[in-house]
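The values are calculated or read from the model by the stated rules, or taken from the named source; none is laboratory data. Since we're looking at a predicted model, the values are computed, not measured. Cβ atoms come from the backbone with ideal geometry, glycine included; neighbour counts cover every protein chain shown. Just the protein is used for accessible areas: all its heavy atoms, side chains included, with ligands, DNA and RNA removed. Shrake-Rupley method; radii C 1.70, N 1.55, O 1.52, S 1.80 Å.
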Amino acid sequence: QVQLVESGGGLVQPGGSLRLSCAASGIIFSIYTMGWYRQAPGKQRELVATKNGGSGDRTMYADSVKGRFTISRDNAKKTVYLHMNTLKPEDTAVYYCRAALGGREHWGQGTQVTVSS
């Protein structure tokens, strides 16, 4: 059974930082492309960042988070992280972890991030 469990969300002031974690089980983690997505109220889910598995190690970021967010992964721990700096109110959303390989994908349950003073 595949499980992706996110953690690390919470309430933070504008300009602050958070680190999200997503622990995976039930998959060969190292070969999966791992990604973070978010969904704000009334909006569609959007890509935040992805990091390829295998030997590629490519990363991709949404323009809105470039220079502020960093995705990383620890294959030994089967965990992907999202380091978020200089947070803005518009970053407020539920953040979801996704694992993808070929036509298969798995999602976590999401973790709430609220940026507010």
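The residue that is most open to solvent (accessible area, probe 1.4 Å), among those in the range 22-51 that are in contact (Cβ under 8 Å) with a residue 12 or more places away in the chain and among the β-branched types (Val, Ile, Thr), is Ile31. Answer yes or no as to whether Ala49 is of a type in the set (A, V, I, L, M, F, W, C) and part of a loop (DSSP other than H, G, I, E, B). No; evaluated as a whole, the condition is false for this residue. When Asp63 is tested against (1) part of a strand (DSSP E or B); (2) without any contact (Cβ under 8 Å) to a residue 12 or more places away in the chain, just one condition goes unmet, and that condition is (1).
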